[in-house]
Amino acid sequence: MESQEIWWMTAVDLAKAIREKRLSPVEVVTVLLERIKAINPKINAYVTLTADSAMAAAKRAEEAVMRGKELGPLHGVPVSIKDLVFTKGVRTTMGSKLLEDFVPEEDAVTVARLKEAGAIILGKTNTSEFGWKPLTDNPLFGVTRNPWNLERTSGGSSGGAAAAVAAGLGPLAAGADGGGSIRIPASCCGVFGVKPQFGRVPRYPIFPGLAILAHEGPMTRTVRDAALMLDVMAGPHWGDGYSIPAPAVSFTKSVEGGVRGLKMAWSPDLGYATVDSHVRAICKQAVKRFSEMGAEVEEAHPGFENPEPHLITLFGADILMAISQFGPVEKVKDKLDPLMASMLPVVSELKATDYALAMFAIQELKVKMGTFFRNYDLLLTPTLAGPPLPLELAEPLAFLPWMPFTYPFNFTGQPAASIPAGWTEDGLPVGLQIVGRPYDEATIFRAAAAFEEAQPWAHRKPPLR
């Protein structure tokens, strides 16, 4: 099989070809490691490559196939892990100089489950420092560039994960989303990313101070790959008191059924966002697709005010806690992302009442969304208010008005995904966000798979050589 064919194969097809002995896990890993060697210097998606252990795992996987052993659903399929997620024996830096040499002694639940399913870890992908901002750059590894335009951001904080998938450096990536960090880079890089229901994927162990509202989830080129990956990742674990059971019906099965009969709300701005006209037009055309496929779609807004101030409060408190573990802020600030360092004095003035106010506001938002979803199966919005931002921002916090659609649904905890809605005239991806009822990832997968069938995107390749 040609190398180019392997670069772009789906995880579903790779697993099937390996099981049927049409492809060897060793061949797959070898081809992808060569691809990473050629392309990664241009985009900086991977920051730690585990080539030796990946090849060793591939040889064991090939031996298991040849001996006729029972194989897991991802047997021999390569996957990358975001550098916020613990990996046993592999450097996990959180994108920070403060953790430059940190090597966990155990795998996160996500990593352990992927390995148990037969997946092969290729390495760790880049993130913003402690995952705190929606752009992927940090003082330790630098910036991750967008495969579609190297002068644009890949989004963040799972930007390395999204860029790797988009560039053909592996079909599966494990990401994490505390305010949009799966959906934002998925939109920027033209891939599929889903933030499951809060607690669906256990988060243990985690570094203290990483966003308490974070969700771990899959980032892939196709909807079915994400469903298969989430089937492996989901389910309760004693180490995460917020974790919840996997659903009775697998996510892989939930992709079927189409959208006929579903009632969808379309909100182009959530009632408060300022949206780029090209993004609005592309998303509006994508929404029209759902109507053409038989869904009932109407414009409707959930009716809440911009919760941005509460995002700043919660993220500020989280980051302050994370940094304080290394000593007084004044002693470590020179090692930090400059924007983070500049904000620490501000967030250090937060009071317990500020945090309590944010938590009560979140509860009110959950009630409003619960009421809104009495009348709808899904809510559709743009994923971002504009196309991928330039690498250099004129204003340090210019990303805040760019991401008004994602973090409200970290506050509510309900599942949400970003699908590629289309591309701008200059070739930049634009995402459409699909928000589901609480605990209902299945309807998101069903709608996303129907859209993917009607308007495929995985055949598009970024202009990388």
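The values are calculated or read from the model by the stated rules, or taken from the named source; none is laboratory data. The shown structure was predicted, so the numbers you read here are calculated from the model rather than taken from an experiment. As a convention, Cβ positions derive from the backbone with ideal geometry for all residues, glycine included, and neighbour counts pool all protein chains shown.
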* **First in the range 206-235 and under 10 Å from residue 251 (Cβ atoms) and without any contact (Cβ under 8 Å) to a residue 40 or more places away in the chain, second anywhere and of a type outside the set (Val, Ile, Thr) and surrounded by fewer than 21 Cβ atoms within 10 Å (Cβ to Cβ), Cβ under 9 Å, 6 or more apart** => 234/245; 234/246; 234/247
* To do: Can you work out which of the residues in the range 423-465 that are of a type in the set (Lys, Arg) and surrounded by fewer than 16 Cβ atoms within 10 Å (Cβ to Cβ) is farthest from residue 293 (Cα to Cα)?
  => 465
* For residue 160, indicate whether it is part of a helix (DSSP H, G or I) and small (Gly, Ala, Ser). => yes
* Do you know which residues across the range 101-136 are over 14 Å from residue 207 (Cα atoms), more than 15 Å from the chain's Cα centre (by Cα) and charged (D, E, K, R)? -> 101, 113, 115, 116
* How many of the residues making up the range 324-366 are β-branched (Val, Ile, Thr) and touching a residue at least 24 places away in the same chain (Cβ under 8 Å)? -> 4
* To do: Of the conditions (1) in contact (Cβ under 8 Å) with a residue 60 or more places away in the chain; (2) within 19 Å of the chain's Cα centre (by Cα), residue 75 clears all except one; give me its number.
  => (2)
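Out of the helices (runs of 4 or more DSSP H) lying entirely within the range 275-383, which hold 3 or more residues that are modelled with pLDDT of 90 or more? Step through it out loud before you land on a result.
Working: elements: 277-292, 308-324, 329-332, 338-347, 352-372.
Output list reads 277-292, 308-324, 338-347, 352-372.
Yes or no, residue by residue, for (1) under 30 Å from residue 94 (Cα atoms); (2) outside any loop (DSSP other than H, G, I, E, B); (3) in contact with a strand residue (DSSP E or B) (Cβ under 8 Å, 6 or more places away or on another chain):
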{"residue": "23", "(1), (2), (3)": "no, no, no"}
{"residue": "27", "(1), (2), (3)": "no, yes, no"}
{"residue": "37", "(1), (2), (3)": "yes, yes, no"}
{"residue": "40", "(1), (2), (3)": "yes, yes, yes"}
{"residue": "56", "(1), (2), (3)": "yes, yes, no"}
* To do: Return the only residue of 373, 411, 399 being surrounded by 24 or more Cβ atoms within 10 Å (Cβ to Cβ) and of a type outside the set (Gly, Ala, Ser).
  => 411
* To do: Tell me, yes or no, whether the range 386-409 has at least one residue that is touching a residue at least 24 places away in the same chain (Cβ under 8 Å), touching a Ser or Thr at 6+ places or on another chain (Cβ under 6 Å), under 22 Å from residue 446 (Cα atoms) and not aromatic (Phe, Trp, Tyr).
  => no
